[in-house]
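Have a look at the structure below, then the notes.
The values are calculated or read from the model by the stated rules, or taken from the named source; none is laboratory data. Remember, it's a predicted structure, so these values are computed and weren't measured experimentally. Cβ: placed from backbone, ideal geometry, glycine included. Neighbour counts: every protein chain shown. For the accessible areas, the whole protein counts, side chains as well, though only heavy atoms, and no ligand, DNA or RNA atoms are used. Shrake-Rupley method; radii C 1.70, N 1.55, O 1.52, S 1.80 Å.
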Amino acid sequence: MSAALRALATGYVSVAVLLTVGFVLLRAALALMSRLGLPLSARQTLTAGRATLALALLLPPACMAVRGLVPTGPLFTFERSVVRLTTRLPEPAWSPRPVATAPKSAETPAPFPVGLAVGLLLGTAAGVHCARQLRQHLRLIRRLESLPRVRQVGRVAVVLNDAEDTAFSTWFPRRAPHPSAWVAVPSRLLEDTEGLRMTVLHELQHHRQRDTMVAYVRLALGALFFWNPVVHAFGRWLATCQELACDEALVSGGKARPHDYARCLLEAALRTTHALPLPAGVTGMAHPTKRRIEMLFQLRPSRPHRTAGLVAAVALTLAPLALWAQTATRSRTVTLAEAQALAQSSQREGDVTVVVDEQVVEKLNKLVGTPKGRAFMKKAMENLATHREALTRTLSARKLPEGLLAVAMVESAVTNMPEASNLPSLAPGMRGAGVWMFIPSTARQYGLRVDAEVDERLDVARETEAAAALFSDLYARYKDWRLALAAYNLGEKKVDQVMSETGLRDASELARGGHINDYTSTVMAGLLILRNPHLLD
């Protein structure tokens, strides 16, 4: 999975978790405050609900941005990001003990991308749902345009509607001078002047509260998280809070008397008992309840500090949860900034320099973030405990860097395997034998006997001597370890050819252009793990 898709999946899961926990936490806090005699007004409750919704949507990208700006340390002590270990000096982390490992079967084909398939399915379902709802909404807007208008003030138009028995309001972005906000009222209200006035005031209050705009957010969330019942419950609760907040604003603001407004709600309830549900993205006076009428006579004084305290408490709970959700989703994946920090902190003087680019990060995440890659590298690290001293002694005798041990890790998992072995290797191309996986022609070129009777590639000491000689020759030829590694896998002839054709000497550029394979990137990723074994913890 690419970094972009992984970030998208992380954000999706994080938002789903925060919406669920945030709504449950908010409702529990509101219930507790009511029991303690500290209830919030309807408008304060709506503000707290919208703040919780905003936190659930904004915290995941905010956490991602902060993590990108601070790649060298964690945000919280419980955060499992690998960067928290980048300040540790590299140290031998393997005890010299032989480990018996069972033979592994041959590599299986790449598994079906279940995560990508699920993501495409969810995205398609959400897109189809939103498209259908928006299509219905556009039809509604065109119908409202054709209805007789009672009045128009600025971009807000009040129209008479006989198709529904309930009043409603809606908004859709349009260019001036066309109206972008509508209030639709039943024609029967023309006979009730006071009822018409309060109905229009109620619907206009929805526009003032931006309820008609927030409706699109609820529509999108309902489509994206159609599988999550808590998200749907959150949306319904917000819709109820919007109605209560409108009622409270009109009565407490002196625009309507409680008894008259209660009568209006009762009459609307009697006429809309069998009303069809309002279209998506539409708010209105449909389905009034006993609770709304009782609220009119139980107005609560505004206590701004209560709302601020409640929102702050929710934020303090959701912020670390957002980091946890990202960590749980990202699993063991490493970002480019994190890999660069790891390479810099673990670089040893005189050793092979790890140049971290996108390809190296991709390989590193395959090795530490997938069960297959982790199993291979763990086996390599265990086997290295057996042969490390002998391999390092031979490399040092040739004044070669110890980082070349990563080649044996990638080639054979430091397993002395015959050419006919079915054990896995991360090296592309022709299969060899031994710890360093020499092919017959290269082995003979460096003095090893390979025939039907004897295969000296399986003599670890002899093959390591030959590998050290080959490394010395390649570095003397290219003066660059990454090009030398490319030639170790592809051969000097191939590397010389692509360098001559492209005029490039940068292994990253050659790999990005498809001129050489990804072997060098794999070795660089293996070297990062060799120097930072905690990546496999």
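So how much accessible area does residue 121 have, in Å² to the nearest 10, using a 1.4 Å probe?
120
Would you please report the Å³ per residue occupied by the convex hull of the alpha carbon atoms in region 370-509?
114
Over region 383-454, what is the relative contact order in whole percent, taking alpha-carbon pairs under 8 Å and six or more residues apart?
Details: 64 pairs, mean separation 16.5, N = 72.
Once divided by the residue count of region 383-454, the mean separation gives 23 percent.
To the nearest 0.05, what FRET efficiency results for residue 192 and residue 34 with a Förster distance of 35 Å applied to their C-beta separation? Working shown, then result.
Details: r = 35 Å, r/R0 = 1.01.
With a Förster radius of 35 Å, E is 0.50.
Averaged across orientations, what area in nm² does the convex hull of the alpha carbons in region 450-537 project?
If you wrap the Cα atoms of region 450-537 in a convex hull and average its projections, you get 7.8 nm².
Give me the distance in nm between label points sitting 7 Å out from Cα along the Cα-to-Cβ direction at residue 317 and residue 452, one decimal.
7.8
Give or take rounding to whole Å, what are the principal axis extents of the alpha carbon atoms in region 322-453, in descending order?
Extents along the principal axes, in whole Å: 62, 35, 26.
Starting with the highest mean, order 405-412, 500-507 by the number of other Cβ atoms within 10 Å, averaged over the residues of each peptide.
405-412, 500-507
At 1.4 Å probe size, put 516, 439 in order of accessible surface, largest to smallest. Can you show the working numbers first?
Details: 516 15, 439 45 Å².
Result of the area sort, largest leading: 439, 516.
Expected output is a single nm value to one decimal: the length gained when fully extending between residue 472 and residue 512, i.e. 0.36 nm times separation in residues minus the C-alpha distance. What is it? Walk me through the numbers before you get to the answer.
Working: separation 40, 0.36 × 40 = 14.40 nm, distance 2.65 nm.
Extending this stretch completely gives an extra 11.8 nm.
Under 1.5 on a/c is rounded, so check that first for region 402-467, then, if it is not, pick prolate when a/b is larger than b/c and oblate when it is not; a ≥ b ≥ c are the square roots of the alpha carbon gyration tensor eigenvalues.
Numbers: a/c = 1.74, a/b = 1.26, b/c = 1.38.
Judged from the Cα gyration tensor, region 402-467 comes out oblate (a/c at least 1.5, b/c at or above a/b).
Between residue 27 and residue 297, what is the label-to-label distance in nm when each label sits 7 Å out along the Cα-to-Cβ direction?
Rounded to a tenth, the inter-label distance reads 2.8 nm.
Give the peptides 376-386, 248-258, 122-132 in descending order of average Cβ contacts within 10 Å, highest first.
Ranking the peptides 376-386, 248-258, 122-132 by packing returns 376-386, 248-258, 122-132.
Please give the FRET efficiency for residue 389 paired with residue 420, using the beta carbon to beta carbon distance and R0 = 25 Å, rounded to the nearest 0.05. Let's see the in-between values first.
Working: r = 29 Å, r/R0 = 1.14.
The computed FRET efficiency comes out at 0.30.
How much of residue 335 can a 1.4 Å solvent probe reach, expressed as accessible area in Å² and rounded to 10?
Looks like 50 Å² after rounding.
Determine, from the Cβ-Cβ distance of residue 160 and residue 228 and an R0 of 30 Å, the FRET efficiency 1/(1 + (r/R0)^6), rounded to the nearest 0.05.
That gives a FRET efficiency of 0.15.
Could you name the lysines whose alpha carbon sits less than 22 Å from that of residue 399, not counting residues in the same chain fewer than 8 places away?
Filter leaves 479.
Could the peptides 479-488, 26-35, 9-18 be put in order, highest first, of the mean number of other beta-carbon atoms found within 10 Å of their residues?
Descending mean neighbour count gives 479-488, 9-18, 26-35.
Using a 1.4 Å probe and counting only protein heavy atoms, arrange 40, 8 so the residue with the most accessible area comes first.
Per-residue accessible area, sorted high to low, gives 8, 40.
With bins 5 Å wide starting at 0, give me the P(r) of region 145-195 over every alpha carbon pair, in whole percents.
5, 20, 30, 25, 12, 6, 2
Just reorder 227, 237 by solvent-accessible area, largest first, 1.4 Å probe, all chains present.
I get 227, 237, largest accessible area first.
At 1.4 Å probe size, with no ligands or nucleic acids counted, give the accessible surface of residue 293 in Å², nearest ten.
Looks like 40 Å² after rounding.
Given that compact globular proteins tend to follow 2.2 N^0.38 Å, what is the ratio of the alpha-carbon Rg of region 177-269 to that value?
Here the answer is 1.25, to two decimals.
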